[in-house]
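J.: Next up is a structure, given as structure tokens.
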Amino acid sequence: MPMPAIQSVGPAALGPEFTIQGIEGTAPAQTEQSGGGFTGALMDQIGKLEELQQGASVQAQLLATGQADDVSTVVMEIERASLAMQLAVQVRNKAVEAYQDIYRMQV
């Protein structure tokens, strides 16, 4: 089954866990906590992605053992984790592509 095309959406559609701080002159919040800068923001988002994946795994296990009450909640958690992973893969692909473009530049 072919994967559907990923549509471009605004940051509000991604939820609060995917907000981008520090754009248009605003100061990023709590940069000391995660090391600050791009690396800190990247590590924060990877941590949130891992939390989503673990939450989906727990929900799937609860459903498999018959302990989950609401199937739609489980499906939503799994789909949220899947979309977050697809977003992370696309961001990684764009970063690799940008690096390759810079590497190929002639000075």
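J.: Please list the non-local residues whose amide H lies under 5 Å from the amide H of residue 68, H modeled 1.01 Å from N, same-chain partners needing a gap of 5 or more.
T.: So residue 68 has HN proximity to 63.
J.: Next question, about the same structure. For residue 90 paired with residue 61, estimate the spin-label separation in nm (one decimal), with each label point 7 Å from Cα along the Cα-to-Cβ line.
T.: Going from the residue 90 label point to the residue 61 one covers 3.1 nm.
J.: Starting at the first residue of the range 49-61, write each ³J(HN,Hα) from the Karplus equation 6.51 cos²θ - 1.76 cosθ + 1.60 with θ = phi - 60°, in whole Hz, x for Gly and Pro.
T.: 5, 5, 4, 4, 5, 5, x, 5, 5, 5, 4, 5, 5
J.: Then there is this: Just to check I understand the Karplus step: with θ = phi - 60° and J = 6.51 cos²θ - 1.76 cosθ + 1.60, what whole-Hz values come out for the range 74-80, glycine and proline as x?
T.: 5, 5, 5, 5, 5, 5, 4
Read-outs: derived from the displayed coordinates by stated rules, not from any lab. A quick note: this is a predicted structure, and the numbers were derived from the prediction, not measured. Reconstructed Cβ throughout: ideal geometry from the backbone, glycine too, with neighbour counts over all protein chains shown.
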